[in-house]
Amino acid sequence: MADSERVKELKAFDDTKLGVKGLVDAGITKIPHIFYHLPDKIKKASESRESRDASNYTIAVIDLANIDEDPCACKRVVESVRDASETMGFFQIVNHSIQVSILKEMKDGVVRFFEQDSEVKKEFYTREQKPFMYNSNFALYTSQASTNWKDSFLYNMSPNPPKPEDLPVVCR
């Protein structure tokens, strides 16, 4: 597919403001070309993976237990985060004191957002920096590879949390 043709398809997809879920809800029977992974790109990615031994990698697990009560625990966590950030770039947090009920409500809010009426979601679809951003593929126009089959939303809680009115009703 020529670059100009791909850009046209990307724009047409983006302009619907319905994302990947909109394609599924519409009952598509064929995956659009913008989502195809080109064989030459797949080969390069798999070759680079083969050159690494996955068994040598582990994901750092950082335990936040007692960091409010024990200065040594706090220092250990800071050092662990620094080390994991510098060496792997990501890590898993455990014992973060977020109640299971809160995590469940957050997950349920995400489901409610994506399952709500398409016209309501369209109001939040944007490529501009806003307190709440919903779109399909944050790097839709900049990625050199194929388009990811995903829809996402994002809002930053720090340093300035969004006002409740900036969030979709189903996520408040």
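One table, with the values for the structure above:
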quantity	calculated
Failed condition for residue 80, given (1) outside any loop (DSSP other than H, G, I, E, B); (2) in contact with a Leu (Cβ under 8 Å, 6 or more places away or on another chain)	(2)
Condition met for residue 68 (loosely packed, with under 13 Cβ neighbours inside 10 Å and under 23 Å from residue 154 (Cβ atoms))	no
Unmet requirement for residue 84, which otherwise passes all of (1) touching a strand residue (DSSP E or B) at 6+ places or on another chain (Cβ under 7 Å); (2) under 24 Å from residue 13 (Cβ atoms)	(2)
From the options 114, 124, residue that is under 15 Å from the mean Cα position of the chain (by Cα), on the phi < 0 side of the Ramachandran plot and surrounded by 10 or more Cβ atoms within 10 Å (Cβ to Cβ)	114
Hits in the stretch 35-86 - residues which are at pLDDT 90 or above and either within 30 Å of residue 21 (Cα to Cα) or in contact with a Ser or Thr (Cβ under 8 Å, 6 or more places away or on another chain) (or both)	60, 62, 64
Qualifying positions in the stretch 113-172 - more than 22 Å from residue 16 (Cβ to Cβ) and among the aromatic types (Phe, Trp, Tyr)	155
Where a residue in the stretch 1-16 is surrounded by 13 or more Cβ atoms within 10 Å (Cβ to Cβ) and its partner, wherever it lies, is of a type outside the set (Gly, Ala, Ser) and part of a helix (DSSP H, G or I), with Cβ under 6 Å and at least six apart	9/34; 10/34
Residue check, residue 102 outside any helix (DSSP H, G or I) and either in contact (Cβ under 8 Å) with a residue 24 or more places away in the chain or not aromatic (Phe, Trp, Tyr) (or both)	no
Whichever residue in the stretch 153-172 is part of a loop (DSSP other than H, G, I, E, B) and of a type in the set (A, V, I, L, M, F, W, C) and, among such residues, is modelled with the lowest pLDDT	157
Single residue of the stretch 17-39 satisfying the filter (among the basic types (Lys, Arg) and in a loop (DSSP other than H, G, I, E, B)) that is surrounded by the fewest Cβ atoms within 10 Å (Cβ to Cβ)	30
Flag if residue 150 is closer than 19 Å to residue 12 by Cα, under 18 Å from the mean Cα position of the chain (by Cα), touching a residue at least 60 places away in the same chain (Cβ under 8 Å) and outside any loop (DSSP other than H, G, I, E, B)	no
Residue ID - nearest to the chain's Cα centre (by Cα), chosen from residues in the stretch 127-147 that are assigned to a loop (DSSP other than H, G, I, E, B) and within 20 Å of residue 161 (Cβ to Cβ)	132
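The values are calculated or read from the model by the stated rules, or taken from the named source; none is laboratory data. Since the structure is predicted, the reported quantities are computational estimates derived from the model, not experimental observations. Glycine also receives a Cβ, built like all others from the backbone with ideal geometry; neighbour counts cover every protein chain displayed.
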